[in-house]
Amino acid sequence: MAETDQAPPPSDQLAALNLTDTVEKHAFSDRVLIRSIVGRPDGGAGLAGQRVRAGGWVKTGREQGKGTFAFLELNDGSSPANLQVIVDAGLAVLSKLVATGTCVMVDGILKVPPEGTRQKIELRVEKVVSLGEVDPAKYPIPKTKLTLEFLRDHLHLRARTNTIAAIARIRNALAFATHSFFQEHNFLYVHTPILTTSDCEGAGEMFQVTTLISESEKLEKELIKNPPPSEVDIEAARQVVSERGEAVKQLKAAKASKSEITASVAELNKAKENLSKLEERSKLKPGIPKKDGKIDYTQDFFARQAFLTVSGQLQVETYACAVSNVYTFGPTFRAEHSHTSRHLAEFWMVEPEIAFADLQDDMNCAEAYVKYMCNWLLDKCLDDMQFMAKSYDKGCIDRLRMVASIPFVRISYTEAVELLEEAVKGGKKFENEVKWGIDLASEHERYLTEVKFQKPVIVYNYPKGIKAFYMRLNDDLKTVAAMDVLVPKVGELIGGSQREERYEVIRERILEVGLPLEPYEWYLDLRRYGTVKHCGFGLGFERMILFATGIENIRDVIPFPRYPGRADL
């Protein structure tokens with residue numbers, strides 16, 4: 001999809017930020033936000049006559065009246081709508097103002113433009129306060145249509161485009177909504193570690209954190225510059241120690257003065273210290289330290305293997321088992337060599353955990369949370385959603401309204417497979433085989449939400465073989481109390497479960513999936529000491545943004561995407 005260079009006109013449905021006859025300055029700047037002017041229901045017309053200072057970046061600019069004045073469309077990121085600014089030639093060199101990307105701050109008077117124009121208000125400039133020029137021949141983000149793929153090669157500038165700025169505001173709104181929802185429902189926000197020594201998912205696709213490589217490279221350079229001592233050097237140092245020791249003996253035997261003996265002992269100690277350093281240095285070898293043929297992680301920074309976290313769930317459970325209702329919201333990492341439009345190496349997860357609660361409670365919380373976020377966007381971000389509907393996905397606002405207003409369908413995994421098998425019998429073709437025991441593919445999930453039910457679907461009670469060890473084993477011993485929330489457009493949005501609170505059962509499950517017990521002893525302690533029924537889920541934050549906006553590639557909804565081969569900035 002292409003980037004458009006014109007934002008939509010402000011909607012009459014936009015919430016008024018200030019309905020008085022004056023416009024307030026930004027709290028920590030001497031300018032006003034453009035949104036506080038054009039974001040009003042009247043489009044700013046009621047502010048005519050007000051003197052304001054506005055700043056922003058030129059979206060489009062053009063000289064008019066044979067170079068006597070210029071029109072600028074100014075945007076400061078506070079709104080998808082621009083403020084039209086008119087500058088007379090006597091105030092500045094107009095050619096320096098009109099280039100896309102130019103940053104200007106101006107003082108002027110708000111005036112109602114002539115009849116028949118799209119704008120409800122415009123700023124007639126009295127003074128150009130500051131100017132950040134752009135060379136249009138070199139600026140890589142012109143006002144022409146640009147693909148989102150192109151913009152990924154200019155991460156440091158792409159936020160100046162309407163699309164990426166709108167996504168940033170939507171992302172901000174969803175983050176605010178997340179905290180609001182859980183705070184309103186008495187959840188405690190817990191910061192879980194980014195560095196971890198345990199693998200939550202058991203897939204092994206983790207980024208290792210180590211200083212062994214850099215330390216090894218540093219040592220190699222040092223050894224080249226200052227080679228380790230030879231055996232001859234060490235033998236010579238031993239001889240010096242021997243000679244110094246003999247000298248001390250002779251002085252003591254001769255009953256020399258105390259000062260003479262002290263000086264000789266000092267020389268002996270100095271020789272011993274030198275020998276010790278030489279012997280220690282002779283043991284230095286290039287390369288990563290090993291012990292018994294394996295990497296010696298006791299020499300690493302944490303004295304053991306460490307990784308970037310794939311989830312904060314296990315750690316946040318420790319707080320759920322103490323203060324009841326908690327959530328964590330932060331970055332997670334997967335070293336998965338995937339180039340699909342749904343995968344990132346670094347992405348954000350929202351992970352609540354609820355004590356004294358079961359799978360039914362988990363589903364209720366997940367559904368309420370998704371509905372809350374949809375309503376939040378409709379209430380707080382309608383102008384940006386209208387831009388996304390106009391530019392990328394005509395149905396995105398209707399989809400938010402639908403999800404916010406209707407109950408989610410709930411079916412068991414077995415029922416879901418039966419429905420998919422019926423579809424296959426009816427002629428539907430899937431790339432991935434449908435049979436009981438498979439992990440549902442994205443095409444299966446989207447069929448259920450977009451074709452079969454045409455609404456969000458919660459699938460629960462999955463086969464234990466395709467789910468993580470910490471999910472509670474059901475009485476049939478074949479399935480676990482897991483649930484996934486599937487939504488149109490993206491498929492799986494949320495994955496969660498009731499956790500296994502029975503000590504013997506979870507211990508057996510850890511061994512069954514081939515994980516060592518030692519790294520999880522602390523996790524088992526939560527079951528040994530005061531165990532409690534509890535549940536939780538994880539929402540992929542970027543997937544929520546994909547669902548809301550209709551953007552196709554997950555790399556375009558995170559400010560700085562990391563994926564195989566790319567980690568710019």
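The values are calculated or read from the model by the stated rules, or taken from the named source; none is laboratory data. Since this is a predicted model, take the numbers as computed values, not measurements. Please note: Cβ atoms are built from the backbone with ideal geometry, for glycine as well, and neighbour counts cover all protein chains shown. Heavy atoms of the whole protein, side chains included, go into the accessibility calculation; ligands, DNA and RNA do not. Shrake-Rupley method; radii C 1.70, N 1.55, O 1.52, S 1.80 Å.
I'm checking my understanding of the structure. Among residues of region 134-163 that are of a type in the set (Ser, Thr, Tyr) and within 10 Å of Gly101 (Cα to Cα), which one is most open to solvent (accessible area, probe 1.4 Å)? If you could, list the steps in order and put the result at the bottom.
The initial filter retains those residues of region 134-163 that are of a type in the set (Ser, Thr, Tyr), namely 139, 144, 147, 161, 163.
Checking the rest, the ones that are also within 10 Å of Gly101 (Cα to Cα) come to 139, 161.
Details: Tyr139: 35, Thr161: 7 Å².
Filtering region 134-163 for residues that are of a type in the set (Ser, Thr, Tyr) and within 10 Å of Gly101 (Cα to Cα), the one most open to solvent (accessible area, probe 1.4 Å) comes out as Tyr139.
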Tally, over region 296-341, of residues that are under 30 Å from Lys285 (Cα atoms) and acidic (Asp, Glu): 2
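Check every one of the helices (runs of 4 or more DSSP H) wholly within region 469-569 and list those with 2 or more residues that are of a type outside the set (Asp, Glu) and closer than 19 Å to Met373 by Cα.
541-549
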Taking Leu212 and the conditions (1) of a type in the set (A, V, I, L, M, F, W, C); (2) under 30 Å from Glu512 (Cβ atoms); (3) surrounded by 13 or more Cβ atoms within 10 Å (Cβ to Cβ), which numbered condition does it fall short on, given that it satisfies the others? (2)
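Quick check: anything in region 122-140 small (Gly, Ala, Ser), on the phi > 0 side of the Ramachandran plot and in contact (Cβ under 8 Å) with a residue 12 or more places away in the chain? If you could, list the steps in order and put the result at the bottom.
The initial filter retains those residues of region 122-140 that are small (Gly, Ala, Ser), namely 130, 132, 137.
Then keep just the ones that are on the phi > 0 side of the Ramachandran plot; that gives none.
Within region 122-140 (the criterion being small (Gly, Ala, Ser), on the phi > 0 side of the Ramachandran plot and in contact (Cβ under 8 Å) with a residue 12 or more places away in the chain), the answer is no, since none of the residues qualifies.
What number of residues within region 241-269 are hydroxyl-bearing (Ser, Thr, Tyr) and either in contact with a Lys or Arg (Cβ under 9 Å, 6 or more places away or on another chain) or within 21 Å of Glu279 (Cα to Cα) (or both)? Full working, then the answer.
Start the filter on region 241-269 by keeping residues that are hydroxyl-bearing (Ser, Thr, Tyr), which leaves 242, 257, 259, 262, 264.
This time we only want the ones that are either in contact with a Lys or Arg (Cβ under 9 Å, 6 or more places away or on another chain) or within 21 Å of Glu279 (Cα to Cα) (or both), so: 242, 264.
Of the residues in that region, 2 qualify.
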For region 36-79, give me each residue that is hydroxyl-bearing (Ser, Thr, Tyr), within 34 Å of the chain's Cα centre (by Cα) and surrounded by fewer than 21 Cβ atoms within 10 Å (Cβ to Cβ). Thr60, Ser78
Filtered residues of region 423-441 (kept if in contact with a Lys or Arg (Cβ under 9 Å, 6 or more places away or on another chain) and open to solvent by 60 Å² or more (accessible area, probe 1.4 Å)): Asp439
Taking Leu151 and the conditions (1) of a type outside the set (Lys, Arg); (2) assigned to a loop (DSSP other than H, G, I, E, B); (3) in contact with a Lys or Arg (Cβ under 7 Å, 6 or more places away or on another chain), which numbered condition does it fall short on, given that it satisfies the others? (2)
So the check is Cβ under 6 Å with 6+ separation or different chains; which pairs have a first residue in region 296-324 that's open to solvent by less than 70 Å² (accessible area, probe 1.4 Å) and a second one that's basic (Lys, Arg)? Asp296/Lys290; Tyr297/Arg304; Val310/Arg334
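Please state which one of Ala99, Ala177 is of a type outside the set (Asp, Glu) and touching a helix residue (DSSP H, G or I) at 6+ places or on another chain (Cβ under 8 Å). Before the answer, list the steps.
Values: Ala99 fails: touching a helix residue (DSSP H, G or I) at 6+ places or on another chain (Cβ under 8 Å).
After ruling out the rest, the residue left standing is Ala177.
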Going by the conditions given, is Val125 assigned to a loop (DSSP other than H, G, I, E, B), of a type in the set (A, V, I, L, M) and touching a Gly at 6+ places or on another chain (Cβ under 6 Å)? no
